[in-house]
Every structure is written in structure tokens, then in C-alpha cells.
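Working notes for the structure below.
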Amino acid sequence: KENLKVLGRFFTFVCVLILFLIFFEFCSYNNVNYRYLFPVGQAGVKNIFLGAHDALISMMGFEFMLVLFPYVKGKPNKILKAGTSSISFVTILYTFFLITSYMSFSKAEIAIVPEPILYLLKSLSYEVIERLDLVFLSIWVVPILTSLVTYLYLTSFGISKLLKFKNHSKTTIFTGLAIAIICTFLPHSEEFIMKFGTILSFTSYFFIFFLPFILLIISLIRKKKELGSSYEI
């Protein structure tokens, strides 16, 4: 319910925890086998693109820029550069986790292991820390919280703009309660979560690619360029 500057400070603080996650991953490199990565590209271009589709949900979040770009104080080139750098870092981080998983499990193992990172850390134990996977989850849940905060902010901000409210603080409370109530009555089975993820991945193409492209065409035709009134949103 706070403004964008407060969210930015919180997200920056949380980014420090990612260093611990990377350190935990490096702890597992005593048991990796780089030969599991070869041959590269044997699945074919089609399967590679299908795999990219499955990874789309994990990469979602960059559409945050499409909404808040006009409200950020600074030159457009600097804003775009900062956004591109953050997206590139996330891409490299997920690639690092992916390569680590494939070097730790064989082709047969990776097909039956649902959460490779957790299974990999679960096999590690030290004198001080016995369950490294639980420590990983305890830290990982905080960066995951930023995704919830981001989408809750975007939803409440959009509703407040449609209803022409002065700020989105009250809208955030009602939106959060509505989401909590809906999630309570939804099925919690793994089958439903998989189906919901499939629907989400396909509908995301419309909101992330198709709709912004249509709005870009409309703005070019109308030759309209509008900036936000304030960056303290």
C-alpha cells in the first residue's frame, strides 16, 4: 500500500538474500558432472521453444515496467537500461540454477525429480546445518514474496486509476482480502495447480506481448506520448 519508492527500497534490500542462494548452489558443485549437459541441442529447436514456454511463468514480472515506466523519475534511456539489467540478471540467475540441476542429475533422474534444487540441497549436510534445503526455502520465500507484492501493487494501482481514487492504499487492502478469500475456496490439488499454470502461461502471451503491441500501434497512430503526473505513486 506504500508508494513506489518504498517498494523499490524493500526489493533492493531483499536482493542481498540472493547471494546466499547462489552460495548454497555452489556448495553442491562437489557432486556435479558436466558431461550430463551434452550433447547440447539434441532435443531440437521445437522442444527447446516448448521448454521456453514452460519457463515463461517463472520469468514473468518484467511487465511491471510497462505499467510504471511513465511514473519513474529519470531519463527514459536510464530507466530502460536499469530495467534491462535487472531482467538480464534474473535470466542469468535462472540459467545458473538450471545448469546446476542438469549437471547434478542424469537424464533419467531429472525426469522423475519434481524439484531438483531442493533434492540436491537435501542430500547435503554439514556439522552446523543438517538440512540445507530448509535453509534455502526459508531464504527463498522472501524473494518470492516480492512477486506477490508486485502483482498486488499493480492490481490495486490499476483499480484505483479506473475508479479515479487519490491513492491505492485502501484499494490494496480490499484487493488482498478478495484474493485471500478466492484462494481459500480454490482447490489445492496438484492437478488443479498444473492446469491453472497452463492457463496462466497461455493467457500471459496476451497481456505481456499482444496487448502492449496493440497499445503501441495505437499510440503511434495517435502520436500520443504521456508521462505520469508523479513518481510518488
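The values are calculated or read from the model by the stated rules, or taken from the named source; none is laboratory data. Keep in mind that what you see is a predicted model, and the values were worked out from it rather than measured. Cβ placement follows ideal geometry from the backbone for every residue including glycine, while neighbour counts extend to all protein chains displayed. We work out accessible area using only protein heavy atoms, side chains counted, and drop any ligands, DNA or RNA first. Shrake-Rupley method; radii C 1.70, N 1.55, O 1.52, S 1.80 Å.
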> For the chain, what % of the accessible area comes from carbon and sulfur atoms, probe 1.4 Å?
Replying inline: 70
> Along the Cα-to-Cβ line of Phe89, 7 Å from the Cα, sits a label point; which residues in the stretch 136-151 have backbone N less than 14 Å from it?
Replying inline: 143
>> As an exercise, identify the chymotrypsin sites (Phe, Trp or Tyr not before Pro) in the stretch 1-103 lying in DSSP coil whose Cβ has no more than 15 other Cβ atoms within 10 Å.
In response: Phe62
> Which label belongs to the value computed from this structure, given these candidates for volume of the Cα convex hull per residue in Å³: (i) 161; (ii) 128; (iii) 174?
Replying inline: (iii)
> Which of the listed residues, Ile139, Ala108, Ser219, is farthest toward the dipole's positive end in the chain, when Lys, Arg count +1 and Asp, Glu count -1 at the beta-carbon?
Replying inline: Ser219
> Of Lys81/Lys161; Lys5/Lys75; Lys78/Lys166; Lys75/Lys164; Lys166/Lys223, which sit over 19 Å apart, Cα to Cα?
Replying inline: Lys81/Lys161; Lys78/Lys166; Lys75/Lys164; Lys166/Lys223
> Taking the Cα centre of the stretch 89-168 as origin and charging only Cβ (+1 Lys, Arg; -1 Asp, Glu), how large is the dipole, in debye to the nearest 20?
Replying inline: 640
>> So if I place +1 on the C-beta of Lys and Arg and -1 on the C-beta of Asp and Glu, and nothing else carries charge, what would the dipole magnitude of the chain be about its Cα centre? I want it in debye, nearest 20.
In response: 1480
> Which of the DSSP-defined H helices in the chain satisfy a minimum axial length of 24 Å, computed from C-alpha atoms, and a minimum mean Kyte-Doolittle hydropathy of 0.5?
Replying inline: 76-104, 132-162, 169-185
> So which lysines can Lys195 reach, going by Cα to Cα under 24 Å and dropping same-chain residues fewer than 8 places off?
Replying inline: Lys46
>> Using a 1.4 angstrom probe on the protein heavy atoms only, could you order Glu130, Glu109 from most to least accessible area?
In response: Glu130, Glu109
> Largest first, how would Lys195, Lys166 line up by accessible area (1.4 Å probe)?
Replying inline: Lys166, Lys195
> If the chain between Thr12 and Phe185 were fully stretched, how many nm would it gain, using 0.36 nm times the residue separation less the Cα-Cα distance?
Replying inline: 58.9 nm
>> Using the basic label-point model (7 angstrom from Cα toward the beta carbon), what is the Leu50 to Phe96 distance in nanometres?
In response: 3.1
> What is the spin-label model distance, in nm, from Ile79 to Val149 if the labels are put 7 Å beyond Cα along the C-beta direction?
Replying inline: 2.1
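If you place +1 on the Cβ of every Lys and Arg and -1 on the Cβ of every Asp and Glu, how big does the dipole about the Cα centre of the stretch 26-108 come out, in debye to the nearest 20?
280
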> Rounded to the nearest 500 deg cm²/dmol, what is the calculated helix-only ellipticity per residue at 222 nm for the chain, with -39500 (n - 2.57) per DSSP H run of length n ≥ 4?
Replying inline: -21500 deg cm²/dmol
> Who wins for biggest fluctuation among Val45, Val32, Val67 in a Gaussian network model of the chain, springs between alpha carbons below 10 Å?
Replying inline: Val45
